[in-house]
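Notes for the one structure printed next.
The values are calculated or read from the model by the stated rules, or taken from the named source; none is laboratory data. Bear in mind the structure is a predicted one, so any value in this text is a computation, not a measurement. With ideal geometry, Cβ positions are generated from the backbone for all residues, glycine too; neighbour counts draw on all protein chains shown. For accessibility, only protein heavy atoms count, side chains too; no ligands or nucleic acids. Shrake-Rupley method; radii C 1.70, N 1.55, O 1.52, S 1.80 Å.
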Amino acid sequence: VQLVESGGGLVQAGGSLRLSCAAFGSTRSIDAMAWYRQAPGKQRELVAAITHSGGPTNYVDSVKGRFTISRDNAKNTMYLQRNKLKPEDTAVYYCNARLIDDFPSWGQGTQVTVSS
């Protein structure tokens, strides 16, 4: 399975941005999916996760109430709607897919920069 993120870029604090993660290949093997992020000098952290059916979802405390994860299995795409962005949300965001018959798959990452 190949994952391709899109939607990153530069945004001002308080703004919104939606990330997309499109899956290609053996998409029927995809189970749960998640978004991770890695800021400069920090470890990669789990931001949000979603089950195959689209619910329930989990979020890291720092994004609760601001970020919303969703997926459209018909389009093999996962989304991360991010509102009220803060400078501390600046990071490379990675898409992750747990596969039922293989090791997890990762996207190449997309840079998001939030200016103050």
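What to note about this one:
- Note, ³J(HN,Hα) from phi for region 16-25, Karplus 6.51, -1.76, 1.60, rounded to Hz, x at Gly and Pro: 10, 7, 10, 9, 10, 9, 9, 9, 9, x
- Under a model in which nothing but the beta-carbon of Lys, Arg (+1) and Asp, Glu (-1) is charged, the chain shows a dipole of about 300 debye around its Cα centre.
- Relative packing of peptides 55-63, 104-112 - highest average C-beta neighbours within 10 Å first: 104-112, 55-63
- At R0 = 30 Å, FRET efficiency that the Cβ-Cβ distance of residue 52 and residue 83 yields, to 0.05: 0.75
- Calculated P(r) of the chain - Cα pairs past 16 Å, %: 56 percent
- The chain: most fluctuating residue of 97, 74, 34 per GNM, C-alpha cutoff 10 Å: 74
- Here each label is just a point 7 Å from Cα along the line to Cβ, and for residue 99 and residue 115 those points are 4.0 nm apart.
- Extended-chain gain in nm, criterion 0.36 nm per residue less alpha-carbon gap, residue 26 and residue 68: 12.6 nm
- Residue 52 long-range amide H proximity, modeled H, under 5 Å: 32
- Carbon plus sulfur fraction of accessible area for the chain, probe 1.4 Å, in percent: 50 percent
- For the chain, a Gaussian network of Cα nodes joined below 10 Å ranks 64, 84, 42 by mean-square fluctuation, and the top entry is 42.
- Under-5 Å amide H pairs with residue 71, H placed in peptide plane, nonlocal only: 79
- Charge dipole of region 12-116 about the Cα centre (unit charges at C-beta), most positive-ward option of 85, 55, 22: 85
- Rounded to the nearest 0.05, the FRET efficiency derived from the C-beta distance between residue 108 and residue 10 at R0 = 25 Å is 0.85.
- Cα-based convex hull volume of region 49-116 per residue, rounded to whole Å³: 105 Å³
- Around the amide H of residue 15, modelled in the peptide plane, lie the amide H atoms of 85, all under 5 Å away and 5 or more residues distant in sequence or on another chain.
- Computed over protein heavy atoms with a 1.4 Å probe, the accessible surface of the chain works out to 54 Å² per residue.
- Farthest toward the positive end of the dipole of the chain, out of 13, 100, 40, is the Cα of 13, where the dipole comes from beta carbon charges about the Cα centre.
- Considering only alpha-carbon pairs that sit under 8 angstrom and 6 or more positions apart, the relative contact order computed for the chain is 37 percent.
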